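The values are calculated or read from the model by the stated rules, or taken from the named source; none is laboratory data. Keep in mind that what you see is a predicted model, and the values were worked out from it rather than measured. A quick note on method: Cβ atoms are made from the backbone with ideal geometry, for glycine too, and the neighbour counts reach across all protein chains shown. Accessible surface is based on the protein model in full, side chains and every heavy atom, while ligands, DNA and RNA are left aside. Shrake-Rupley method; radii C 1.70, N 1.55, O 1.52, S 1.80 Å.
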Amino acid sequence: MFDVVIVGAGVIGGMLARQLSKYDLKICLLEKENDVAMGASKANSGIVHGGYDPEPGTLKAKLNAEGVQKLYDVADEIHAPYRKNGSFVCAFGTPEEEATVRELYERGLENGIPGLEILTGDEARVLEPALSPAASLVLNVTNAGIVCPYEMTVAAIGNAMDNGTELKVNFAVSDIKKEQDVFVVTSAGGEVVKGRYVVNCAGGYSDRVAAMVGDDFFKIIPRAGEYMLLDKNEGSRVSHTIFQVPSKDGKGILVSPTVDGNLLTGPTATVVESPEATSTTPAGLDAVARLAAKSVPSVNFRQVITSFSGVRASEKSGDFIICPAKSVENMIHVAAIDSPGLTCCVSIADYVIDLLREAGLAMAPRADWCPTRENPHAFREMSDEEKDAYIKEHPAYGKIVCRCETVSEGEIRDAIRRNPPACDIDGVKRRTRSGMGRCQGGFCMPYVMRLISEERGVAMESVTKNGKGSTPLIGKL
Ligand SMILES: Cc1cc2nc3c(=O)[nH]c(=O)nc-3n(C[C@H](O)[C@H](O)[C@H](O)COP(=O)(O)OP(=O)(O)OC[C@H]3O[C@@H](n4cnc5c(N)ncnc54)[C@H](O)[C@@H]3O)c2cc1C
């Protein structure tokens with residue numbers, strides 16, 4: 001029997017598990033896919049939003065203002081890469097857009113956001129020479145940053161697991177019943193987990209999980225965002241994240257460096273039929289290229305190495321829905337966590353912990369809690385001399401598997417062994433960047449498959465790319 005069962009291993013469920021693991025509690029994290037970070041937390045902009053955008057008085061405004069520094073602090077502890085690069089929100093010469101920049105500045109002050117300033121276009125171009133000559137007024141958001149969203153999720157869940165949290169993947173919750181004071185949570189495969197408290201962090205499916213206990217007071221509207229990712233030789237085109245003024249559809253198309261040194265452009269905002277509707281479209285990608293060029297005309301779209309789409313779990317109120325269930329006691333819904341949910345993952349987790357405490361969950365701090373996680377990129381960050389010495393002791397780090405991103409066999413074996421273990425090719429890719437480069441895995445995939453096969457003791461033919469049915473090999477000739 002668990003004290004807390006969390007449904008959904010995205011950045012919200014994962015960070016909640018990590019923050020809850022500070023207390024003497026038995027925690028179980030359930031995920032329907034075969035790995036963590038498989039929903040919106042896998043495919044988003046990765047921006048730490050400064051907090052100027054949410055309407056004052058909303059939960060988003062409160063948790064965004066609190067969340068930025070909390071996120072940086074936790075990222076330091078769990079070695080999730082981030083960079084405080086700052087963001088620009090640009091008007092392009094119209095009085096309406098310039099008024100919006102001033103409005104966002106005032107709203108940011110009301111939300112208590114530090115380090116905001118308004119720049120003229122020329123002042124902004126001194127800091128960001130590639131910015132379009134048409135940018136006329138710019139909100140400079142100095143506390144904003146960039147993170148890798150799936151690495152943040154993996155790191156949070158790894159730290160929670162190192163502190164005793166149990167992760168069950170391939171556990172698609174299909175039924176939740178309450179028998180006296182105990183929740184009986186059943187998977188589509190018939191597996192059962194019991195817990196005293198349940199937290200619904202099921203992202204795009206949070207309304208369906210709520211319906212399992214009879215709650216239907218919110219409905220998720222899936223909204224897709226398409227992106228193009230450019231090679232590292234475009235990565236220093238800009239140093240800030242460049243936004244245009246937001247519209248009713250959201251924060252608009254951005255141009256941003258990523259923590260790994262690529263350049264990201266996107267996202268669009270289109271209502272789609274399901275949280276799984278992650279295809280890209282010619283029209284969507286055309287719009288990304290056109291609008292990104294409005295902010296930064298010199299972006300070289302011949303350097304695109306991949307395109308992808310992520311689906312936001314939006315709701316008509318426009319705010320996060322974080323509250324106790326209405327039809328049953330001791331369950332909390334954490335729903336409609338669209339942008340800036342990644343930025344707010346730590347502040348949301350702490351807010352949920354307060355709700356659990358109010359619901360009667362006793363939380364005694366653990367004396368043996370370990371806030372830190374071993375740095376998975378320690379080898380990558382060494383000097384050449386340090387690497388030489390390390391390779392002499394650990395030869396697997398001297399064998400380069402992914403040439404585009406210079407990822408060694410030692411790092412890949414670590415990713416398959418460390419919490420939460422990578423179990424397929426894309427899981428290795430998200431943890432190590434093997435296959436993330438220009439060739440997109442064309443060269444390294446067979447080598448990665450052999451390492452997964454050896455480490456997990458499974459046949460090469462059973463190694464999957466991304467879950468059930470995705471085996472690249474079908475047999476031996
Ligand atoms: C296009 C786009 C751009 C964004 N940009 C930003 C940004 O720049 N900055 C920012 O702060 N935020 C951004 N966001 C928002 C951010 O990505 C989300 O707020 C965050 O990832 C939500 O995390 P989550 O854990 O709630 O959801 P998810 O990551 O979707 O996780 C939910 C998990 O629940 C699992 N699940 C669902 N149903 C079940 C079930 N029945 N049983 C078991 N498991 C289940 C899913 O498989 C999934 O893994 C963006 C989102 C999108 C889509």
Report the residue count in the range 253-274 for those that are surrounded by fewer than 19 Cβ atoms within 10 Å (Cβ to Cβ) and either in contact with a His (Cβ under 9 Å, 6 or more places away or on another chain) or without any contact (Cβ under 8 Å) to a residue 40 or more places away in the chain (or both). 1
Enumeration of residues in the range 420-477 that are open to solvent by 50 Å² or more (accessible area, probe 1.4 Å), closer than 26 Å to residue 155 by Cβ and part of a helix (DSSP H, G or I): 445, 447, 454, 455, 456
Checking residue 389 against (1) part of a helix (DSSP H, G or I); (2) in contact with a helix residue (DSSP H, G or I) (Cβ under 9 Å, 6 or more places away or on another chain); (3) over 24 Å from residue 159 (Cβ atoms); (4) of a type in the set (A, V, I, L, M): exactly one of these is not met. Which one? (2)
Considering only residues that are open to solvent by 40 Å² or more (accessible area, probe 1.4 Å) and in a helix (DSSP H, G or I), look in the range 351-366 and name the one that is nearest to the ligand (Cβ to nearest atom). 351
So, first residue over 21 Å from residue 357 (Cβ atoms) in the range 1-14, second residue part of a strand (DSSP E or B), Cβ within less than 6 Å, six or more apart or across chains; the pairs are 9/29
Restricting to the range 125-176, give me the number of residues that are charged (D, E, K, R), away from the ligand (no atom under 16 Å from the Cβ), over 22 Å from residue 41 (Cβ atoms) and open to solvent by 10 Å² or more (accessible area, probe 1.4 Å). 1
So, of the residues in the range 34-50 that are open to solvent by less than 10 Å² (accessible area, probe 1.4 Å) and touching a strand residue (DSSP E or B) at 6+ places or on another chain (Cβ under 8 Å), which turns out to be nearest to the ligand (Cβ to nearest atom)? 47
Which of the residues belonging to the range 191-223 are part of a strand (DSSP E or B), open to solvent by 50 Å² or more (accessible area, probe 1.4 Å) and away from the ligand (no atom under 13 Å from the Cβ)? 192, 194, 196
Any residue that is among the hydroxyl-bearing types (Ser, Thr, Tyr), open to solvent by 10 Å² or more (accessible area, probe 1.4 Å), touching a residue at least 60 places away in the same chain (Cβ under 8 Å) and closer than 23 Å to residue 265 by Cα - is there at least one of those in the range 56-78? no
Hey, any hits in the range 224-233 for a residue that's in the same structural domain as residue 285 (by TED's automatic domain parsing), part of a helix (DSSP H, G or I) and away from the ligand (no atom under 11 Å from the Cβ)? yes
Only one of (1) within 19 Å of the chain's Cα centre (by Cα); (2) among the acidic types (Asp, Glu); (3) surrounded by fewer than 21 Cβ atoms within 10 Å (Cβ to Cβ) is not met by residue 117, so which one is it? (1)
Residues being in a loop (DSSP other than H, G, I, E, B) and either near the ligand (Cβ under 10 Å from one of its atoms) or in contact with a His (Cβ under 8 Å, 6 or more places away or on another chain) (or both) - total across the range 13-33: 3
All positions within the range 79-114 that are in contact (Cβ under 8 Å) with a residue 60 or more places away in the chain and either touching a Lys or Arg at 6+ places or on another chain (Cβ under 6 Å) or open to solvent by 80 Å² or more (accessible area, probe 1.4 Å) (or both): 79, 83, 84
So for the range 8-19 (the condition being at pLDDT 95 or above and surrounded by fewer than 24 Cβ atoms within 10 Å (Cβ to Cβ)), does at least one residue qualify? yes
Lone unmet requirement of (1) part of a loop (DSSP other than H, G, I, E, B); (2) on the phi < 0 side of the Ramachandran plot for residue 318: (2)
Tell me, please, whether a residue that is out of contact with any strand residue (DSSP E or B) (no Cβ under 6 Å at 6 or more places or on another chain) and under 24 Å from residue 225 (Cβ atoms) can be found in the range 22-31. yes
